[in-house]
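A quick write-up on the structure given underneath.
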Amino acid sequence: MEQFDTIEQLINAFRKLPGVGVKSAERMAYQMLDSKKETRDEMIEALRSIETITKCPTCGSYQENGICPFCNDESRSDETIVVTSFFKDALAFEKLKTYHGLYHILNGSISPSKGVGVNDINIPSLFERLKGSNTKEVILATNPTLEGETTALYISKLLEKYPQIKVTRLAYGLPMGAQLDYADELTLTKALEGRSEIRKD
Ligand SMILES: [Zn+2]
């Protein structure tokens, strides 16, 4: 039915998002069509405005109108770089308000099973920016998953060529408020390995 082509087009647009199946796409499309005009206008405006968002060629972060919120912020120290897999992970550090250095966002993790190799994520650009930089520490903050670990290990190997740069990895451990007997084996093993001394004479 030709008169429903626009609805069909909307459903197909939602389906292009990863993890969205036919049913979910249909639900989202109809919810949009049934929403108030103001809500619809807000959505349309928000979608239009993402045209101004690109990725920073230096650190891989999202940036608006070509200005990176991290690289262009002169109040940040250029001596440390936190390496994360995704932009949302960098934002988690930002929320702490205790880190004032730079970021490098890989936009993925090395995953042989998914066919994601070193050159498919922002690893080459990390080494590009280290050339002649003032970096004193690289903090590897990829997720404590198999893919995140593989990625951190790979980067730390490459960083051996830069002995002047300290390479650190986030500590593994138990979540605050957790109970030991509920922790999985890997978390408990990592927490034991990463134990720190509390009485220093
Ligand atoms: Zn940047």
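Structure data summary
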read-out: The chain - charge dipole about Cα centre, Lys and Arg +1 at Cβ, Asp and Glu -1, debye rounded to 20; value: 440 debye
read-out: Net dipole in debye of the stretch 1-82 [+1 Lys, Arg Cβ; -1 Asp, Glu Cβ; about Cα centre; nearest 20]; value: 360 debye
read-out: Computed E for residue 7/residue 168 - FRET, C-beta separation, R0 41 angstrom, nearest 0.05; value: 0.20
read-out: Whole-percent pair-distance distribution, where bins are 10 Å wide, for the alpha carbons of the stretch 102-158; value: 23, 58, 18, 2
read-out: Relative contact order (percent, whole number), the chain, Cα cutoff 8 Å, 6+ residue spacing; value: 13 percent
read-out: Cut-off 11 Å between beta-carbons: net charge of the residues surrounding residue 186, Lys and Arg +1, Asp and Glu -1; value: -3
read-out: 3J(HN,Hα) from dihedral phi, the stretch 89-95, Karplus parametrisation 6.51/-1.76/1.60, rounded to Hz, x for glycine, proline; value: 6, 5, 4, 4, 5, 4, 5
read-out: 0 to 90° range, to nearest 10: angle between helix 37-49 axis and the chain longest Cα axis; value: 50 degrees
read-out: Kirkwood hydrodynamic radius (C-alpha pairs) into Stokes-Einstein, the chain, 37 °C and 0.692 mPa s, D in µm²/s; value: 161 µm²/s
read-out: Where N is the number of residues in the stretch 66-125, Cα Rg divided by 2.2 N^0.38 Å; value: 1.24
read-out: Over the stretch 121-201, relative contact order from alpha-carbon pairs under 8 Å, at least 6 apart, %; value: 25 percent
read-out: Cα convex hull of the stretch 2-54 - mean projected area over all directions, nm²; value: 4.5 nm²
read-out: Descending principal axes extents, the stretch 55-169, alpha-carbon based, whole Å; value: 39, 32, 25
read-out: Farthest positive-ward along the chain dipole, Cα basis, beta-carbon charges - from 13, 31, 174; value: 174
read-out: Greater than 22 Å apart at Cα, pairs in 97/190; 23/88; 136/190; 88/190; 131/166; 136/157; value: 97/190; 23/88; 136/190; 88/190
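Coordinate-derived values only; no laboratory data. The structure displayed is predicted, hence computed values, not measured ones. Heads up, the Cβs are rebuilt from the backbone with ideal geometry, glycines too, and the neighbour counts pull from every protein chain shown.
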